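Peer 1: There's a structure below that I have some questions on.
The values are calculated or read from the model by the stated rules, or taken from the named source; none is laboratory data. Treat the numbers as computed from the prediction; the structure is a model and nothing was measured. Ideal geometry is used to build each Cβ from the backbone, glycine not excepted, and the neighbour counts take in all protein chains shown. Ligands, DNA and RNA are stripped out before the accessible areas are found, and what is left, the full protein with its side chains, is counted by its heavy atoms. Shrake-Rupley method; radii C 1.70, N 1.55, O 1.52, S 1.80 Å.
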Amino acid sequence: MNLWALIPLISCVIFIILFLSVLPQVKKRIERIFALFLFASMIWSFTAVMLLHNISASSNYLIFWNGLVIAAIPLVVVSYYHFIRAYNNKKAGMGVWIGYAIVSVIIILSLMGYVVKDAYFIGNLLYHDIFYWDFILAAILIPFLSMIIMLLYRRYKNSIDPTDRNRTSYLIVGWSLLVIISYITPFTPSLKTLPIDHIGNLINALIISYTIFKFNLLNIQMIFRKLLTYIIVIGVLFALTTVLFFISPDFFTNLPLFIIVIILSLIYIFVILASAPLIKLVSKGVDYLFYRKTYDYRQELLNFNKKMSHILNLDELAKEILPTISKAINVTGASLMLQDNKTGNFETQFIYPEDENTAPESTFKKVSLEADSAIIVWMDKKGKPLNPEQMDAIPELRGLWQSEKDKILSSNMGLFFPFKSRDKLIGILTLGKKKNKSILSYPDIELISNIANQAGIIIENAQLYTHAKIKANTDELTGLYNHRHFHERLDQEITRNTRFGGTFSLIMMDVDLFKSYNDIYGHLAGDHVLRKVGEYIGNSIRGIDLAFRYGGEEFTVILPGTHIEDAYKVAERIRKTIESKSSLKAMPITISLGISSWPSDGIMKEEIIGRADEALYLAKQLGRNRTCLSSDNKKQHDTQLISSEIRSNPKALSIIYALAATVDAKDSYTYGHSRKVSEYAIAIAESMKLPNEKIECIRSAGLLHDIGKIGIPDYILNKNTFLSSDENQLIKKHPKIGSEILKHVIDLVNCIPAILHHHERYDGTGYPSGLVGEKIPIEARILSVADAYDAMVSLRPYRRQLSLQEAVDELKSCSGTQFDPVIVDAFIKVVQKNNADSVVYNNDYIYQLKENEDID
């Protein structure tokens, strides 16, 4: 074999592989034309192989194949020109069809022997006589070659996509090398007889291959997956045929050829019909081979519509779709931008991942785009993905403010995918960059595009459901939440604070003399007033606060995590805002407000509402246009009876004890403190032979003695240094808060004296009442000793844990000043008797007991 035939042979093999890879997906025009170019290149290389491989071939053989080689050259050029026009989204045009007509004429003339007059080998080098045809070919091909380079250059210059520019530059380089080498060869005597032009074709083939794989010119991965699947299936059929011949060779050799063909055809038809499960199984295995870690997530996306169509909650939908997409295409993250109902802006509402520990380059920042933003208008009109890095290259986006560009570029969002439904932009899916730093592949974009087409309808349905739900919970006149939703949210707030600890306040307000305003100005004017009042309330509270129209001219506000003193400031801000906005020409509009706080004003919903309503009624009685607290009402009604709904109420008792457990659990250093205080107090009471009724009262009081701390801010309770004077004053309020909570539960009323006075000192310097000696209830004196002892022998962040003896010595030193001496003696006997078996000591911290400072 002539070694020079290896050059076109290698080129031919590469083009055959590319052609077979492209063939299964020739659906689009550009794909069909590219396949035609590959076929033409394959023919050129193949004819060259047939021409060069046999140096001893006859003259007629060489003339025949040499003529086909020459005819194949313009076929390659014209087909490549055809491909480049399609690559630039241009129709074939007259030039292409003229080119193909010229190629047909050259082929006919070559077969008739008018192109190559003679061809022969000298050694292993080919010589031929094609005089004047080399000039004719040059004259024919130069216009096509020039137009190819011109079209590629224009594509490169006008492209707005960096990836497309890189891809085009590779095509320019490959084609330029082919042209240069092809034209050097025939006009260079030393190279004229060598197939050097095929080296150019080989280089072009390699560059095209590299471009396909690197820049996703075609969905080559999908092609190889399908090709590999069918190769495996065909291999199985071939193996089956081989086995049949091997098992019964005589049977087939004795039959006529057409009978063998019929038998094999029937067998193949049966196998193909029955091989659907086999193809599916093989396809699944091949897909897993290609995608591996992302395979399961891609399968979830392929079943997106089936899985997500029933989901109507946007939160749930986002939690399902964003992680799945991110993992399926291996990007750093994803977010979902939806249109805000109030502003109309498209805002980032869901982000994955939300982990604050995510690397900065992978963390998405929230973005808000106005509905008339050039980006939103462009995506709504084009319906295409947008790469933020290409904004400057898109004419419609060149007018964006630099601040808006910087905001988007700094958000770490790599690609924007529009979600549309019924030709309307519903939302935008934003994707991060690939984790392996590569670009999104054709299968990735196709997969997300399919999801976008389905998700638009699903998201719109979820939005409609959410809108309907909001509408059901919203008062149409004011835009605030309605009466029904008020009770739902109040129940939720009580449940949440019971479980996790905390407090909240409730403001009830009523527009003063509103009936008179309606009678004077009419109901339309009254409706306008209610709308404005609702607007002023909404503008005067925080984002986490909830405003409601309770009914008629009554409004309420729930303030989570807010103490009653701070709620008063909010109420006054609302009152003054409404008063200041009132028209001087018309009847002035003012409101009266009442405030209650949970749990100090009650633990049941009815109690909280009732106390706020009573405070509101008091504000009305005192002259309107004012704010009253529930405590103001208490001063007016010291003898108010406890409502029958909470007498001996087991639910109320359960909430009380749940609150006590919550207080303990707030701080790991005091966890279990209330239980231990209760046990120590019971031991003291039993040693002093107190009646069973008092012992039971002490048991409950010990468990609940710190319940008032539910109303103390967490930062004070968890502070690991000494408290400031202001903080100390706040902490001293917890006995009163505790007693206020418990006075609403008739079963626990007897515990109130012990809880209210367990921080009194024997010498009268304690709080809250400064009681002295025997005037302090005995239950409170017992709790004081038990509480102090457990604080001393427990680990605290601001001082070391005392040993048993150190704690006993400290109790003795404070006996008669802080503690009742009789109770101290009784407790020391109990401790010494039991030898404090269950106490473990640690001396790593320094404990300091200062004068007039509470031990716990």
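Peer 1: Of T47, T721, which has the most accessible area with a 1.4 Å probe, and how do the rest follow in descending order?
Peer 2: Ranked list, largest accessible area first: T721, T47.
Peer 1: Under a plain spin-label model, where a point goes 7 Å from the Cα along Cα-to-Cβ, how far apart in nm are K342 and K407?
Peer 2: It works out to 1.7 nm between the two label points.
Peer 1: Right, here's the next one. Applying a 10 Å radius around every beta-carbon, put 321-331, 481-491 in order of their mean neighbour count, most first.
Peer 2: Taking the mean over residues of other Cβ atoms within 10 Å, the ranking is 321-331, 481-491.
Peer 1: Accessible area, 1.4 Å probe, largest first: how do E565, E553 sort?
Peer 2: Correct descending sequence by accessible area is E565, E553.
Peer 1: Along each of the three principal axes of the Cα atoms of region 1-142, give the extent in whole Å, ordering the values from largest to smallest.
Peer 2: On the principal axes, region 1-142 reaches 48, 31, 21 Å in Cα extent.
Peer 1: Once label points are set 7 Å from the Cα along Cα→Cβ at both V243 and I716, what is their separation, rounded to one decimal in nm?
Peer 2: 8.4
Peer 1: Work out the FRET efficiency for S58 and I98 from their Cβ-Cβ distance, taking R0 = 51 Å, and round it to the nearest 0.05.
Peer 2: Approximately 0.90, to the nearest 0.05.
Peer 1: Taking a probe of 1.4 angstrom, what is the accessible area of L513 in Å², to the nearest 10?
Peer 2: 90
Peer 1: Compare S580, S104 by solvent-accessible area with a 1.4 Å probe and give them largest first, with all protein chains kept in place.
Peer 2: Most to least solvent-accessible, the answer reads S580, S104.
Peer 1: Roughly how many Å² of Y465 are accessible to a 1.4 Å probe, to the nearest 10?
Peer 2: 100
Peer 1: Suppose R0 equals 56 Å; then what is the FRET efficiency for R496 and V822 from their Cβ-Cβ distance, rounded to the nearest 0.05?
Peer 2: Efficiency, from the Cβ-Cβ distance: 0.80.
Peer 1: In µm²/s, what is D for region 703-814 at 25 °C and 0.890 mPa s, where D = kT/(6 pi eta Rh) by Stokes-Einstein and Rh is the Kirkwood radius from Cα pairs?
Peer 2: Translational diffusion coefficient: 163 µm²/s.
Peer 1: Tell me, in nm to one decimal, what length is gained between Q349 and H523 on full extension, where the rule is 0.36 nm per residue of separation less the Cα-Cα distance?
Peer 2: Fully extending the segment from Q349 to H523 adds 58.7 nm.
Peer 1: Got a sec? Which residues in region 544-562 would a label at A472 touch, if it sits 7 Å along Cα→Cβ and we count backbone N under 19 Å?
Peer 2: The answer is 549.
Peer 1: Here is the link list: K319/K433; K694/K736; K381/K434; K620/K709. Which ones come out longer than 23 Å on Cα distance?
Peer 2: Result: K381/K434; K620/K709 exceed 23 Å.
Peer 1: With each label point set 7 Å from Cα along the Cα-Cβ vector, what nm distance links M150 and R573?
Peer 2: Distance between label points: 7.0 nm.
Peer 1: Which one of Y100, W4, I14 is farthest out on the positive end of the charge dipole of region 1-104, using unit charges on Cβ (Lys, Arg +1; Asp, Glu -1) and the Cα centre as origin?
Peer 2: Y100
Peer 1: Using 13 Å as the cut-off for backbone N distance, which residues of region 314-346 belong to the label zone defined by a point 7 Å from the Cα of K366 along Cα→Cβ?
Peer 2: 336-338, 340, 346, by backbone N distance to the label point.
Peer 1: Heavy-atom accessible area of L447 with all protein chains present, probe 1.4 Å, nearest 10 Å²?
Peer 2: Counting only protein heavy atoms, L447 exposes about 20 Å² to solvent.
Peer 1: Can you give me the Kirkwood hydrodynamic radius for region 483-647, using every pair of distinct Cα atoms, in Å to one decimal?
Peer 2: Evaluated over region 483-647, this radius sits at 16.2 Å.
Peer 1: I've got another one for you. 5 Å is the cut-off here: which amide hydrogens, built 1.01 Å from N in the peptide plane, fall below it relative to T474, excluding neighbours closer than 5 in sequence?
Peer 2: Close amide H contacts, sequence-distant or interchain: N482.
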